[in-house]
Structures are given as C-alpha cells and as structure tokens.
C-alpha cells in the first residue's frame, strides 16, 4: 500500500503543477480528494490492511492528503488573477436589523451601575403621588412659597384626609420619605439607607430646554455620622466615574426646604476643564441640587434626627446625559420624539 | 426670585477693590448665585438668584452686606456702610393726621408719615438710571421713590394721595369674600376673602395691601399731600391673595417671603429724605409707628461637636466664630456649647443645622474634604424589576427593536378608557394620564410614515389605572409595534423573547378591543393571561405585557435535560389541511402525538401544502426505520382525525 500512496501523491502533485486554471485545480481536487477520489478510496481500504501496518499507512495517507491540499493551495495562489476563481470579499454584509436603546435608558444604566457598585439599592417610587410625599413631608407646608420652584401638575383624582391631593411628582424626592418608610419594614427596620430612585417626573414647563415629562435620579444616604464631606466625596466620585477622571465638582450654597445645608452642585466643563471657555462661560456647569437631609424630613420618615444624619441629591437624567456626551441637541423635546432618524443615531 | 443689582449702586455701600467678575464668583461660591453679569447702558449689572429663605439679601444693601462678609475670606478687603438718613422725626403709636384701626395678625408693623405740598416732577437722571438698571421704568419722582427704596432696602413702600383717604382714617382688616376693589393698574378684582385690605371712613376699599394700591386713593398729577406708607404684612395672607388673583407684583413677592420688621424704620426715614429732596414736600413732625410686638433677639444653641460632625471636619471655636460674626450673628461660647444670637434680618436661621450652613458657606465648601462613604451596605431588594427590564430591552433591541419614550400625558383620544385628567394641563394635547400604551405607539409609528422598510418600536413605561379614593395603579408595561413587517416575523420576535425569558407560554386566539377580529392572540401561562399580540384595527402589529406578569412567568434557569446519547431520526412530511385550520394547533397536536416525537417545525409551505420536519428521539437507543414508520402512521392518523389533514403522496 505504501507504494500506492506514494504513486498517487506524486501523480497528483505532477498534475497540480501543470494546471493553469481554477476549474482544472477543482477537478484535480475532486479526482484525488473527492468522495470517490483516488486517495479517498485508498483511505477506505485502510481497514483491509493488516493491523500491524495500519498505523504507518494511516500516517502516510494523512501526510499525502495534506501535501496534496497544500500543493493545491499554492498552485491556486500562483494562478494569475484572471485565472482564479472569482470572489468578491468587499460585498456588503447582510446585517441583522440593528436595534437601539434610547439615550435615556443608556443614561439610567450608567447611573444605576455607578451607584449600585457603591452599595446603593435601586428603587422606583410613584409618579402620581400624594401631595404629602411630594411636598409636606419634605418640609413644604401648603401655600409655602418654596413650592413655586416646582411647577406642579394637579390630578383630578383622589384626595386623602391626611396625605392631601393627587399630584404628578415634580421630583424624585418624593421617594425620600417613602424609602425611610420601606426601611422600617425590612430587617432591623433601621438605617443604613443608600437609595437610588430613578423615575419619571413632571413639571408644567415646555420649551427648548424643558420638557413636561423628564427623569430624575435621587440619591439618599442615611446613617450615623453622615457629613457634608461624605456628600462631597460621593458626588465627586460619581462625577469622575460618569464624566471622566479629570472632572471636578464644587458645591455652592442654595436653599431647599428639605435639606439643610443645601447646595447646587457644579462640575467642570468637559471642554476647558474649569478654565472657562465659550461653551461653559466660567468653567463650570450646573449639575443639580443636593443637601443634608433636614431633621424635619427624617422625623417625617420616622427616623431619629439626633441619631442619624444623611444627604440627598436629585438630578436630571436627560441633563447629565446631554452634558456627558456633549450632544448639541438644540431642543430637548427631540429626545421624546419617535422619529427613527433621531432614535437610530444612538 | 431674580434681582438685578447695578455694580455702581452696590459700591455706594460696599467698599472693595474686587472686580465685578471676582465679586460675582465669590458671592456665588459662598452666598447668592450670580447667574450672569450684564451691561445695561454703560453700567455693569449683576443678575442674582435669591432663594426663598434669603429675602434679606434681595436688595442692594442685602447684597452689600453679604459681599462684605464673603470677600475677606478670599483675602479681598471689603467694608459695608449703612445708608445715612437725616429725618429725625420721633415715632408715635397714634398721630393726629391719621386714625387707624389695625388687625395686628395681618400687619406686624404699620408706619406712615404725612408729607405736604409735594411737587410732582421727573426724577434726577442718576435715580432714573439706577431704576432702569434694576429693571424698573422711571415714571415720576413719587413712583420712583417707592421703587428706589424697594430696590435699595428690599422693603416695598406705598404712597397714598392723602386727600383721597376719606376721614383720614384707615381700617386695616381681612376682606370678606366677594368684596370688590380696583387696583391702580385699572384691574377690578373680586376678592377671595381673607385678603388684607384698607377701608376708609366712607367704607371704600382703598388699598389691596402688600399687593397694589387702590385706584381711588392713587397719587395723580393733582396730588398735593401724600401719605408715605411702610408696613410689614403677614406673608401667608399676601401669598394667598397674590396667587388667587394672579397679581404677582414685586412688592407681593417680597412680602410673601416674610420681611424683617426692623427694615420699616430705616426705609421710612430714607423715604422722608427722598421726598424732601425730590418733591420739596414738608414731612409731618411725627411718624406713626404701630409695632406692638418688636423683634426680640433669638438665640440658636448648638455645640462644637454637632457642627464638626455635620461637616466632617474639625473646626476650632475661633474658626466658627470668625465665620459667623461678619454675617451679623453674635456667637457666645460656653465650653463647647455655643449660643448664637440671630439678627432680625436672619429669621430664617432657626435650628442648629442652619448654623452649620452659615459656618460652612463662609468657611468655604471648597475647603471641606471629599470623604468616601464607609460603613454597612444596605440589604438589596429581592425580585427587583430593573435587571429583568434591562434584559427585555436588550433582547428586543438585539433583534432590531428601537426603543422609544413616548409621553405619558396624552390628549383624550390617546388616553384609553377612564383615564385620569389633569386639573391644570399645559394644553389639550397633554391633558390625560394614559391607561394604555397602544395608542401612543400607534402614534409613534405614524410619525415614521415615510419609512418603507420594516421597523419595530418598543417601550417600557407606566400606564395609570385609576382607583377610587386612592392613587392610581402604576402598571409598568412593555409594548411594541411592528410596521411594514410580516405577521410571522413579528410573532417570531415575541416567541423568541418568551423563550429567552424561559416562559412556558401558549397562544390562544381570543378577540379583544382594538384588534381586528380573529387576529389577536392571548398569551397565557396556564390559565393566566400574561400579554397579548395581534393585528390592530389600524393594520399595525402590536404586543403588550405587564412587566410584573412577564417577570412572574419567567424562570431564571431552565432545568437541565440530559443530552441524548443516540442520534435522532429526522424526516420531513408534507400535509394538507381543510381551509381554516390553525397551524399552531396542528403543531401542538403533532408534538403531543407520541412521546418519542421530540420536536416539530414548519419548514416550508406551498399552496395548501405544509412541510413539517419531525424529530424522532428515543432516550436509550437509535430508532429503526420500522419503529419510526409506526410512530409516523400514528401521527398522521391523529392529524387526520383531529383536523382532517392528509399526507401528500
């Protein structure tokens, strides 16, 4: 058999060397390696060979096969381009349909990931809310001028003797007291609380930079010994992770009825990094509000303000997403259009 | 509240070398937020946002006082000087020229002075310019004096034509519901009741106090004698009235924040000086000042540890004092305890946390450390929907779906049945809280009517189902719409989704509202409907699942099925059926015809003929052709009996 293998191999090689077209090479390949090819037939006969010779012949057969294949490939390469079998590797791929997640979803994912890694628990509290959770529990009694900041929609719905009328929550801060109440029904019933509440909010406003429906993310931390320094540390960590390690944050005094002290938080502009440029005018961009939880709010949530302190912040998802990507979307309302020409860009 | 402060005017009371830019930056970091610096004419003007608790800084003097405390922290010397007044009249709780009857719950301090023989003229240019820069229009010296003092002190004042106050008598009381009054802008108001009004001897209402004067007592070109009028009103009444009547004057915006009663006297005296200078009028010798409950100094008590714990830093007693004193607070230490006396203009400072804020903002938030959180992490919530929702969105977008966020506030025609209505919508196009996503997604599809290739839009959002006497149920719902695509392609996506979510589902044809008859499937697990899919009356293909139902039906993991050791036999058979046979039922039946049939798929259809690929699988051996034939015969027999289907020869 050894001789046969050697003969077939040499014969094949001779034919391959002489071939000068792709079709010819294809025919040779079939004649030797095809289903009924000469070498294939030899392989089939291997079982007739006495066992002690089988291994050696097997090796030779394999060697012959790979030699023929290699000569075929080499000869194909030697053929002139015109003689080769035509193949167009530049043909456009048949793509599967490509889907898109909304920019707001992408933003929410990044935000939740960052806070979940810091041990925060993600929750979602009602959009249609009692006046008490949206305002009164947050130290804003009825008729308080501070309520003007939130241009609130009122719903023609239920009125509760204790909780007041039905409103569309103008901020995710309605989740603060709800989260404190939730904690009472878990484990020890006591803090720590590390909440990240992401939900839709509504305000009576509509122009190029405001939409009546938008999203906020609200952080709430309550534990023993929580300080302004912790708030600073947390917000700075978020900004560095979300916007980039070169970014810095700062606090400015502000006023919210439900935090004391209260702050506005700024982050350095992504273009000039705080030096001041045409885009940011002064180096800083406003992120949103924050503060140390007001003792009256802790009391309303059933948490002793002499034992626990906390901080909270509530910022716009749309706002941080647009700031992050430096998207120059001229009209924020475009985010909520269903135009595929817009949605497919992201 | 936004105010405009002209730089030049500010520097009349604030001595500093700080540039406007530096001043704005320091003020923003430690006090009031300067939104921008603008040029009005030749003058630099600061646009400043005043928060509701800090009405004390809503004036030229207020900002000067803040800046004088803040700038030195940035090593820029600054000095605040109070305005000088010359009026030396003494004050009395009753005077001859005006008899009063005052409800002290409505008016905490009532002061006035008669000024005779005034001459109306235009104001000097300097005053006119300051008013223009502050955002007011100069009118004449009388009106201008009022505005000037309001911008300078943050204290609104009013001027009556003295001779129009019948009987020289004022009764300040709460209005009765339905009483009428015309304000000096000519608007007639029907009062809601509980408004602060002033009535004269004839029973006429001559002032809507704190909001706007009455037309019948207004100064006009013939006015000779005026009553200069400076008050502190109850903020709650002022706010209620100005909101109810939508009469938001600068005066009412200041009054409703609760003004400092101690501001009345300096503002009045400054006003007397201005009347003397600008109108050549002669003030009376006595000031009427009814102030039954003068400000008593309050103190807020706290301690060193409290302040440092809240800030996360170790300040010394001296550092704390040095932050408080320039703001007008008077700290007294007793060991580690501190008692801080509050000036009358800082009544917003009530609790120890307020002291913390004052210390920190002057010390500088920039000087506090950034400390990461430590301590115990809270327990996560079981069965949280967020990861599940992410998964669903990933699958759908992975198969070409495009996620949309449509408005939850919709017009009536998109709201669905019994939807909740807003009391104060922005317009008819956003008046209701939707009870279904169906109409919103159809609208989203229509917005892309120019697109001719197939597309798939989906959304996960709440719908709001009203409940009597309670908040609505907010039902997080997945819904989607397929456009320009075949029923099979669309249904395939839903089947794939259900499979990837490990849901054991079945499709049951059932009609429902909005869908074409016989073109809707109820998607069930057991007897429970978890969603729906079908062709809408508009021709679009739509699906919808409440997320909670979907998540409940979804298993995290499938159980393990051993991989068979023996190859399955696979063959195609072609069948034909009578018209109106549900293929879904046929395939279900085929799968259950014999336990050795492991899988059935429709692989081809041509006219009335359907080719099915059948997998025959025995767990412990390879089936022989004979055995397969037996199963096949049984299968064909079942199909024939059940559906009247027959094998193509």
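Points to keep in mind about this one:
- Positions within region A:42-62 being within 57 Å of the chain's Cα centre (by Cα) and either touching a residue at least 24 places away in the same chain (Cβ under 8 Å) or surrounded by 13 or more Cβ atoms within 10 Å (Cβ to Cβ) (or both), in sequence order: A:43, A:58, A:60, A:61
- Counted residues, region A:299-338 - those being within 12 Å of chain B (Cβ to nearest Cβ), within 22 Å of the chain's Cα centre (by Cα) and either over 19 Å from residue A:107 (Cβ atoms) or in a loop (DSSP other than H, G, I, E, B) (or both): 2
- Selection of region B:302-355 for residues being facing chain A (nearest Cβ under 10 Å), free of Cβ contacts under 8 Å to residues at least 24 places away in the same chain and in a loop (DSSP other than H, G, I, E, B) yields an empty set.
- Some residue of region A:238-247 being without any contact (Cβ under 8 Å) to a residue 24 or more places away in the chain, within 12 Å of chain B (Cβ to nearest Cβ), part of a helix (DSSP H, G or I) and under 27 Å from the mean Cα position of the chain (by Cα): yes
- The requirement of being surrounded by 17 or more Cβ atoms within 10 Å (Cβ to Cβ), in a loop (DSSP other than H, G, I, E, B) and in the same structural domain as residue A:319 (by TED's automatic domain parsing) is satisfied by residue A:226.
- Considering region B:604-620, and only residues there that are modelled with pLDDT under 90 and in a loop (DSSP other than H, G, I, E, B), the residue that is farthest from the chain's Cα centre (by Cα) turns out to be B:620.
- Selection from region B:469-489 of residues that are away from chain A (no Cβ under 12 Å) and in contact with a strand residue (DSSP E or B) (Cβ under 8 Å, 6 or more places away or on another chain): B:477, B:478, B:479, B:487
- Single residue of A:92, A:145 found to be touching a helix residue (DSSP H, G or I) at 6+ places or on another chain (Cβ under 8 Å), at pLDDT below 95 and more than 30 Å from residue A:327 (Cα to Cα): A:145
- Residues of region A:21-66 classified as part of a helix (DSSP H, G or I) and either in contact with a strand residue (DSSP E or B) (Cβ under 6 Å, 6 or more places away or on another chain) or over 29 Å from residue A:78 (Cβ atoms) (or both), total: 13
- Region B:422-439, residues that are at the interface with chain A (Cβ under 9 Å from one of its Cβ atoms) and surrounded by fewer than 24 Cβ atoms within 10 Å (Cβ to Cβ): B:422, B:423, B:424, B:425, B:426, B:427, B:430
- Summed over region B:536-584, the residues that are under 26 Å from residue B:625 (Cα atoms) and outside any loop (DSSP other than H, G, I, E, B) give a count of 8.
- Where strands (runs of 3 or more DSSP E) fall entirely within region A:101-186, those with at least 1 residues that are more than 10 Å from chain B (Cβ to nearest Cβ) are at A:164-168.
- Residues of region B:366-387 that turn out to be outside any loop (DSSP other than H, G, I, E, B) and more than 9 Å from chain A (Cβ to nearest Cβ), as a count: 2
- Exactly one residue out of B:527, B:532 is in contact with a strand residue (DSSP E or B) (Cβ under 9 Å, 6 or more places away or on another chain) and more than 13 Å from every other protein chain (Cβ to nearest Cβ): that is B:532.
- Just so you know, in region B:115-155 the residues that are in contact with a strand residue (DSSP E or B) (Cβ under 6 Å, 6 or more places away or on another chain) and outside any helix (DSSP H, G or I) include one that is farthest from residue B:240 (Cα to Cα), and it is B:117.
- Per-region count, region B:485-503, residues more than 16 Å from residue B:525 (Cα to Cα) and touching a helix residue (DSSP H, G or I) at 6+ places or on another chain (Cβ under 8 Å): 1
- Selection within region B:41-61 - touching a strand residue (DSSP E or B) at 6+ places or on another chain (Cβ under 9 Å) and assigned to a helix (DSSP H, G or I): B:57, B:60, B:61
- Scope region B:233-248; condition buried (at least 22 other Cβ atoms within 10 Å of the Cβ) and more than 12 Å from chain A (Cβ to nearest Cβ); matching residues: B:233
- Annotation for region A:81-89: no member residue is in a helix (DSSP H, G or I) and within 14 Å of another protein chain (Cβ to nearest Cβ).
- Some residue of region A:263-286 being in contact with a strand residue (DSSP E or B) (Cβ under 8 Å, 6 or more places away or on another chain), in contact (Cβ under 8 Å) with a residue 60 or more places away in the chain and under 30 Å from residue A:163 (Cα atoms): no
- Qualifying position, being part of a helix (DSSP H, G or I), within 9 Å of chain A (Cβ to nearest Cβ) and either buried (at least 17 other Cβ atoms within 10 Å of the Cβ) or touching a residue at least 24 places away in the same chain (Cβ under 8 Å) (or both), among B:413, B:358, B:390: B:358
- Region A:206-223, residues that are surrounded by fewer than 23 Cβ atoms within 10 Å (Cβ to Cβ) and farther than 30 Å from residue B:429 by Cα: A:223
For (1) under 27 Å from the mean Cα position of the chain (by Cα); (2) part of a strand (DSSP E or B); (3) surrounded by fewer than 22 Cβ atoms within 10 Å (Cβ to Cβ), each residue gets a yes or a no:
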site	(1), (2), (3)
B:9	no, no, no
B:22	no, no, yes
B:27	yes, no, no
B:36	yes, yes, yes
B:39	no, yes, yes
B:72	no, no, yes
B:83	no, no, yes
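- The sole residue among B:454, B:466 that is within 12 Å of chain A (Cβ to nearest Cβ), under 35 Å from the mean Cα position of the chain (by Cα) and more than 21 Å from residue B:390 (Cβ to Cβ) is B:466.
- Options B:445, B:496; residue that is surrounded by fewer than 20 Cβ atoms within 10 Å (Cβ to Cβ), in a helix (DSSP H, G or I) and within 14 Å of chain A (Cβ to nearest Cβ): B:496
The values are calculated or read from the model by the stated rules, or taken from the named source; none is laboratory data. Since the structure is predicted, the reported quantities are computational estimates derived from the model, not experimental observations. Cβ sites come from the backbone with ideal geometry, for glycine too, and all protein chains shown count toward neighbours.
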